[in-house]
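The values are calculated or read from the model by the stated rules, or taken from the named source; none is laboratory data. All values reported here derive from a predicted model rather than from experimental measurement. Counting neighbours? That spans all protein chains shown, and the Cβs are built from the backbone with ideal geometry, glycine included. These area figures cover heavy atoms from the full protein model, side chains too; ligands, DNA and RNA do not enter into them. Shrake-Rupley method; radii C 1.70, N 1.55, O 1.52, S 1.80 Å.
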Amino acid sequence: MELGFCLAGIAGIWALAYLRMPLWVWLAASALLLLAISFSSGYSSITITLLWLLFSIVAIPLSWPSLRRKLITDKIFPLFCAAVPSMSQTEREALEAGSVWWDGELFSGRPDWKKLLAIPAPQLSEEEQAFLDGPVDQLCQMLDDWKITEELHDLPPEVWQYIKDNKFFGMIIPKEQGGLGFSAQAHSQVVVKIAGRSITAAVTIMVPNSLGPAELLMRYGTDEQRKYYLPRLAKGQDIPCFALTGPDAGSDASSIPDRGIVCKQLFKGKETLGMRVTWDKRYITLGPVATVLGLAFRLYDPEKLLGDQEDIGITLALIPTDTEGVNIGRRHYPLNMVFQNGPNSGQDVFIPMEWVIGGETRVGQGWRMLMECLAAGRAISLPSLSTGAGKLVCRATGAYARIRKQFNMPIGRFEGVEEVLARMAGYTYMMEGARAMTAQSIDLGEEPSVASAIVKYNLTERMRKIVNDAMDVQGGAGISLGPRNVLARVYQAIPISITVEGANILTRTLIVFGQGAIRCHPYVLKELAAAKNPDKEEGKRDFDRAFIAHIGFTISNLARTFFLALSGARLVPVPEVTTAKYYYQQVTRMSAAFALVADVSMLVLGGSLKRREKLSGRLADVLSQLYLISATLKRFADEGNHQDDYALVQWSCDDALLKLQTALDEFLRNFPVRSVSWVLRVLIFPWGKPYNGPSDLLGRRVAESILTPSGVRDRLTKGVFITRDIEDARGRLEVTLEQVVAAEPIEQKIRQAVKSGKLDMATIETLLDQALDAKIINSEEADTVRVANASRAAVIAVDDFTSGSWRK
């Protein structure tokens, strides 16, 4: 009897924790268990009395908030306040900016799949689709990237004019203010398509639609500023740039040394309140051709003209570049990418107060304004560019690997190359899912600060791997610059994407988990807010509620982690019957494990976790892989669960689960408190490490998807610019792939005839003549092989030049 009650109690506690029941349910269930024990004959009256006494000691304080505070949380509160690391105003504004979306579900340890799958599949309006099929397609046809990068070192004048005339710079500006008013999804797909044609053109177009004057004006500008600037920006009458980075303020942009001093000065003949600003900026895209300069600087008011505060803070202003004292126009040359980029500076340049974005009421609010706008730009620009480049390279290199032969066999059939092609295809499938899902969140009204950092870091890194893999496959054809080379300029541009909008190393180690642990956790931000509340009594009440809920949250994730690990998460319900059921279950399992590890790490290491970047980077990897798998599953569901695409889903998810497992394993091996590490390992991996990555057989199926013209290949690379113009390197690959595939059965017949002795080994032309004479093939088949061979020769040819002719 005693054993039965004991087992029932353990099972009940575990079930309550797993289901995350509220406190009153725990207390009621405990009381019922005690009642059952009280009426049983297996316990003495002394034992029952002690059990009830113990229950009362625990239950009364927990259920009585004022007593609980007095006995428990009010004593913990000062210790917590002392342990909380100091936080600057800029750090606080960065943490509070944006919103929590699916990243919050992953931090919860119990992601709500119904919530994610209930979001409609991304869909463009008729107007947006027409723009992609019309002006965007036409622009892609106008772009000759070799001419742009090697001869002109700029976009041709007619391309600049076409971009302006068709309002490419005004995609995010509302129609009523002269722009196109496109959704984030449409904006993203425009960048995807252009990036597959020219990185220079893609960057030129995406920057005005990202973090910069247009978005800042739409959110914070005065009515006069919006009325004047937005129509001009949309039509390209003004070219904007935004200057934040300087020699001493890169990733640590909040420490900008550029200064403005509030003053009064004669301006256009009358005394005007404004500021004298001195700055030195670099790496500013569109700066050399900009007509209006967005500028971030720290504003000071030593004469107290605006109030009692001397250090007002970071302020944003719009300055016409023809203003006296503005030095702008020189160019940087970022790795042969010729998008306009350069430095600018000014010394004691007078700026009227009305040039501050939002006017005088917005002085000192610049950092918050930037942080609140950062998520949308970071979620769209570089993830879209990376996805477009990945699709281009995946499609082109897949075709090349089928066309190019060695040892009388397409190089894509070699297992070593096959392994690389599978990785390229799997990464590309996952990248598109992450791009589309994150852009969709913006259209839903979210400002996904953590998710945007995840996709910026992971999609640019995957682009780097895809392009490097493609260079390995194409070898000499990849490294020989010229009009025939579709890889080289993308390859050269990789470090730029890795570096800008937050260097990837710091994005991974400081932002994804560092910001996510506070911003996405259901209770940590509330506890921190309570600790910083100037009203200490209110702070204690808030802390009490958050802390007690946090304890329950951690206990629940402990129970969930161990049960899901023991069961392999096979009992986790999924929202719909799908072949991808296993991956929904595994994300749920590892979400609980991640939430537990994050909580334990913050508890044990406290504020020092912020400085242990190797550990926080590995936790960032876990969160990133959970997000990417979720996006992959969402894409598969949105596209109708195409079974032909399931191999891509499997490869992508298996690879991500292995990466996730590796990150967790390395985290536990390096966790400084070994006893805690051991316990966590037992809870998370009681049967050992379960994930093995994609199998060789699966990799072969995935590689085949980009070696052969098919619906799978077209869906994988949908949205990238495709041409069938054989004078264009991309079009030549497309046409030749079809010709080579058509010729392969005929070539196989000829090889069989040689093997059987019906034909003598000879050159291909001689073999064709012999095969025709022997009636093994007909004249039409011979022509098919001849055409394929001629096209193959054109594809594998590389550019050559007379000595020095291409640089004069």
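A straight chain from R331 to C263 at 0.36 nm per residue would run longer than the Cα-Cα distance by 21.3 nm.
If you roll a 1.4 Å probe over the heavy atoms of the protein chains, what accessible area per residue do you get for segment 193-323, in Å²?
38 Å²
Per residue, the chain reaches -18500 deg cm²/dmol at 222 nm when only DSSP H runs of four or more residues are counted, each adding -39500 (n - 2.57).
The modelled label-to-label distance between K689 and L35, using points 7 Å beyond Cα along the C-beta direction, is 5.1 nm.
Legend: Rg and Dmax of segment 208-262, from Cα coordinates, 13.6, 35 Å.
What do you get when you divide the Cα radius of gyration of segment 348-400 by 2.2 N^0.38 Å, with N the number of residues? It would help to have the intermediate numbers written out before the result.
Details: Rg = 20.0 Å, N = 53, 2.2 N^0.38 = 9.9 Å.
Relative to the rule-of-thumb radius for its length, segment 348-400 sits at 2.01.
Spin-label pair Q237-L697: with each label point 7 Å from Cα along the Cα-Cβ axis, the two points sit 6.6 nm from one another. Rounded to the nearest 20 debye, the dipole size of the chain about its Cα centre is 1980 debye, using +1 on the Cβ of Lys and Arg and -1 on the Cβ of Asp and Glu.
Stretched out straight at 0.36 nm per residue, the stretch from E419 to Q748 would grow longer than its current Cα-Cα span by 116.0 nm. In plain terms, the bigger the Kirkwood radius, the slower the diffusion; for segment 502-581, with that radius from Cα pairs, at 4 °C and 1.567 mPa s, Stokes-Einstein puts D at 82 µm²/s. Work out the charge dipole of the chain with +1 on the Cβ of Lys and Arg and -1 on the Cβ of Asp and Glu about the Cα centre, then indicate which of G731, N557, S108 is farthest towards its positive end. Highest projection toward the positive end goes to N557. Highest mean packing comes first when the peptides 327-340, 207-220, 743-756 are listed by Cβ atoms within 10 Å, giving 207-220, 327-340, 743-756. Shape annotation for segment 299-372: C-alpha extents along the principal axes are 49, 31, 18 Å, from largest to smallest.
If R₀ is 22 angstrom, what is the calculated FRET efficiency for the pair R674 and I505, using the beta carbon separation as r and rounding to 0.05?
Values: r = 28 Å, r/R0 = 1.26.
That pair, R674 with I505, gives E of 0.20.
Which entries of K304/K536; K75/K536; K526/K610; K281/K304; K465/K659 have Cα-Cα distances beyond 21 Å here? Correct reply: K304/K536; K281/K304. With K and R counted +1 and D and E -1, the other residues having a Cβ less than 12 Å from that of T588 yield a net charge of +3.
Along the Cα-to-C-beta direction of D348, a point sits 7 Å from the Cα; which residues of segment 315-339 have their amide N less than 11 Å from that point? Residues passing the 11 Å test: none. With N the number of residues in segment 112-175, Rg(Cα) / (2.2 N^0.38 Å) evaluates to 1.61. In segment 547-698 the Cα-Cα distances spread across 5 Å bins starting at 0 as 2, 9, 18, 21, 20, 14, 9, 5, 2, 1 percent of all pairs.
Of the accessible area of the chain, computed with a 1.4 Å probe over protein heavy atoms only, carbon and sulfur atoms account for 56 percent. Our Cα-only numbers for segment 217-345 put the radius of gyration and Dmax at 15.6, 50 Å. Pairwise Cα separations in the chain fall into 10 Å bins from 0 onward with the following percentages, short to long: 2, 12, 19, 21, 18, 13, 8, 4, 2, 1, 0. Its Kirkwood hydrodynamic radius, worked out from the mean inverse distance over all distinct Cα pairs, puts segment 139-211 at 12.6 Å.
Annotation: for a label point projected 7 angstrom from Cα along Cα→Cβ of K465, residues of segment 693-708 with backbone N closer than 13 Å are 693-694. Annotation: average projected area of segment 289-337 is 5.1 square nanometres, based on the convex hull of Cα atoms across all directions.
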